[in-house]
Every structure is written in structure tokens, then in C-alpha cells.
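First comes the structure, then the notes that go with it.
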Amino acid sequence: MAKILIVDDEERVRTILRLMLSAQDHTITEAGNGLEALQKLEGNSFDLVITDIRMDGLDGRGLLREIKLRNMGYPVVFITAFATLESAVEALRLGAADYLVKPFEEEQVHLAVERALGMGRLLAENVQLRQAIGEGDVNEEAVFFSAAMRQVQELVSRVAPNETTVLITGESGTGKEVIAKLIHQESKRREQRFVTLNCAAISPQLVESELFGHEKGSFTSAGERKIGKFEFAAGGTLFLDEIGELPLEAQAKLLRVIQERIIQRVGGNQDICVDIRLICATNQDLEKLVETGRFRQDLYYRIAVFPIQVPPLRERQEAIASLAAFFIRRWGGLREFNGEIITPGAMRILKSYSWPGNVRELANAMERVMILKAGLLPVNSDDLRFLQGSPASADDCTELLQLPMGGIHFETLQKHLVDQALERTAGNQSAAARLLGLTRAKFRTLFKLVEEG
């Protein structure tokens, strides 16, 4: 039976759920609000959280967000008073395992709990996998299985004990953040924070505020002082992902910080000394960006003191079998399983696919397979039908897209390709970007252009 935490600011609702679930021999703990729930979650182990969406203070959405941020791995069922399609979509979009509508029938409650507990095992395995990766526990059987990645591991071991700034390059999904975490965990700063900022995920207007913080009133929405990532990472490691997307003005200020280890918050005059280890990553060719004036040459030399290039998965094919088996074992809870995991036919498909999304795409594909198969093995070729083969090569594209004598309308062609990619990936922009051979940032820019056009 399961240990369930019920979170609702109405005692009557908690009592009804407790009586229903206790009758099924579940162990029930109650909390009257989101903050109280967090305290109970930190000090105890649960199998499921059932929470009202609307509560004062930390509401259900905020509680779910905290559970995800802290990698607790608990499935969450939302309680809502509004039985609409919109509320259902919103709950699932936020990551809830299911939702209950007030007033609820006992049969509906037990069905939602059963479904959510079924998801709980996969969520727990996901957390363990992420922790294993983050702690460097993914050994040669997984990330460092290939000879190319063992060379990367050697570079990590050499640079980690020093304070040297590291630039990690490689395609999207190759595991650059994993490498950055390994450097941090093998360094003298391992007991301090590892702080990540994705430079492509924030608007140019907020980059400096995110990096250096801001003072209250420094701009319209600055209602209070904010500590930036440099201050927050004090004593630890700051990882700047997709640094090639950093605006030129912010590049100049970052250069000064790297040189002097001093920052000023936006709207402030006080110099603040920062003690951090800086690691940067990019999937772009920074040298070409320097040539075109989109990246400062002096900053490039400052961050590329010790470059580490992570090879794409297609260049370490000998690792595909081990990686696939590793992810299947983890997400299927099969650490002790000794039978056949992947059939030869399925393995041929895995090795013939070019993996434009690299290790991340392989991990996602194996997670999808394990969910659809409900953990049943082995994985066979039918389970991998969604892998439709490699993207067209440059030569294939040249033959495919011959320019007609009368010319084409280029913007219409762009829009058609974007629409096709989104349709094929059910609206997933990251997957659509991979189909077109673009980064997420470049795809978002293209999508915006074709939509405005």
C-alpha cells in the first residue's frame, strides 16, 4: 500500500479523502497548505501527493514546481473545482499525473490514485538516473563507454582540480551539462553550488539582470532587489550554457567580470567581489561567430582556456548498445535483469539511425519505449517504428530541393517546412528543430519570422 500526502486548505476535503484512501490501507498524511506540505516532503518519503490547485501562499502549481525543482520524483494529482477541458489540459501541461474534480466519486479517486502510483515508479527511476548522471555515477557502461568519451573523461580529470575556465563544445544533446557537472564534482568546489544559466532561454533585455542581479527600482518591473547568478554561485561553479547566444553588450560586461571578478548589479554602484569557477558551453562554432562579429574575440580567448569537445553520438556508435540498455534498465527498474533487453532487429534500427538529438534523443526514445511497453522486454523492431531514419544528408537535400527555372517564394517554402516539422512532431518545437537540423534558438527565430510574415 502507498504513503500519500493530501494537501488542501479545507479540512473537510482532507477528511473525505483520508477516509476513502485509508479504507484501501493507504497511509495518509495531511497538510493544510503548500509550505506545510513541503516541510513534510523534505522530512519523509511518500509515494503520491494529492493537492488542491488553489490555496493561499504556495498553491498546488507552486508545490508541483518545487517538487520538480528538488527532483523528489513524487507523482502529483491535482484537485480542482472546475470540470472543464481547459482545466484538464492545464493540469497535465504542468506535469500532474492526473486530476480530481470536486465533488469527487470514490471510484474516481481510487482510479486516479492507481494511475498515479503506476507513474510513480517511472518518475522515481528518472530521478535516480538524473542523480546518477549528476553524481558522475554513469560509468563506462554508459556515457564513457566509447574510446572518444574516455578521452573526454581524461580531460575532465585533468582540468577539474584546477580553477581554469573551461569551454565545452558539441552538438545539442551530447551531454555538455553532464560534463560540466562532472568537472564541478571533481573540483575543490564540489561542496558548493553548481548554478546553470541557459543564455538562449532569456530575453536580451534581462540577460544582465540574470547574470549580475538588479537593485529595486532599477527598471519598471524591478519591485525588489534580485541576486544574479554570479552572486548566487559564490564559492561554487557557474555554468553558462549556449554562451554563443549572449548579446554583444552583455559579452563586454561578462569579459570585465572574468578579468576582475567584480560585478555591479543593474542600477547599482557598489562593486561586489565574486568567487566562482566558470564553465561555458555552446553548440555553435564560436570562431566563426568571432569572424562575423557576433562574438567578441577577447571574450572567446578568455573562456576557451581549456576547450573540451564532446563528440556526437553518430561518432561513437559503439556506445549506442550500452547507452540504450542503460536507459532501458534505469527507466524499467531492471538493474538485476539478465534476459534479452534489445532484439538484434531493434539494435540494427538504433545503429542505423543518425541520432541528430544525440544522447538526449536516445534517452527520450528509450523512455518512450518503456512507457509504451509498460516495462515488458525485450525491445523489438516494432517498438522503434517511430524512428523514421536519419535526416537527409547535404547531398540528399541538394537533389531533393532543385530550384525550378521560374524560381520559388522562399518565405513560403520556409513556412511550409516549419509547418511540416511541427505537424510531424505534434507541436514539439525542440523535436521540430532537430528535424530541420537547427538549434532550438534558431528554430524559435525562424518560427517567429514565418508567423509574422
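Derivation of every value follows stated rules applied to the coordinates shown; laboratory data play no part. All values reported here derive from a predicted model rather than from experimental measurement. When we count neighbours, we look across all protein chains shown, and the Cβ atoms used for this are built from the backbone with ideal geometry, even at glycine.
Extension gain, residue 340-residue 1: 0.36 nm per intervening residue step, less the Cα-Cα distance, totals 118.9 nm.
Out of the chymotrypsin sites (Phe, Trp or Tyr not before Pro) in the range 215-314, which ones are loop residues according to DSSP with at most 10 other C-beta atoms within 10 Å? Qualifying residues, ordered by number: none.
Once both labels are positioned 7 Å from their Cα atoms along Cα-to-Cβ, the gap between residue 352 and residue 65 label points is 4.6 nm. A Förster radius of 30 Å, combined with the Cβ-Cβ distance separating residue 165 from residue 201, puts the computed FRET efficiency at roughly 0.90. Each DSSP beta bridge with both residues in the range 147-309 is either parallel or antiparallel, and the antiparallel ones are about 20%. The stretch between residue 35 and residue 412, if pulled fully straight at 0.36 nm per residue, gains 130.6 nm over its current Cα-Cα span. For the pair residue 153 and residue 275, what calculated FRET efficiency results from E = 1/(1 + (r/R0)^6), where r is the Cβ-Cβ distance and R0 = 25 Å, to the nearest 0.05? It comes out at approximately 0.35. Taking the Cα centre of the range 203-273 as origin and assigning +1 to Lys and Arg Cβ atoms and -1 to Asp and Glu Cβ atoms, the resulting dipole is close to 240 debye.
So for each of 345-352, 313-320 I average, over its residues, the number of other beta carbons within 10 Å; can you give me the resulting order with the highest mean first?
313-320, 345-352
In this simple spin-label approximation, residue 114 and residue 248 carry label points 7 Å from Cα along the Cα→Cβ vector, and these lie 6.3 nm apart. Hey, with R₀ at 41 Å, roughly what FRET efficiency would residue 452 and residue 54 work out to, going by the Cβ-Cβ distance, to 0.05? Calculated value: 0.65.
Cross-link partners for residue 351 among the lysines, with Cα-Cα distance under 26 Å and sequence neighbours closer than 8 places in the same chain left out: 176, 373. Residues of the range 169-212 with an amide N closer than 15 Å to a point placed 7 Å from the Cα of residue 227 along the Cα-to-Cβ direction: 192-196, 210-212. Counted residue by residue at 0.36 nm each, then reduced by the alpha carbon distance between them, the extension gain from residue 420 to residue 24 reaches 137.7 nm.
Step through the table entries 181/442; 68/216; 226/253; 68/188, compare each Cα-Cα distance with 21 Å, and write down the pairs that go over it. Walk me through the numbers before you get to the answer.
Working: 181/442 26 Å; 68/216 29 Å; 226/253 18 Å; 68/188 28 Å.
Table pairs above 21 Å Cα-Cα are 181/442; 68/216; 68/188.
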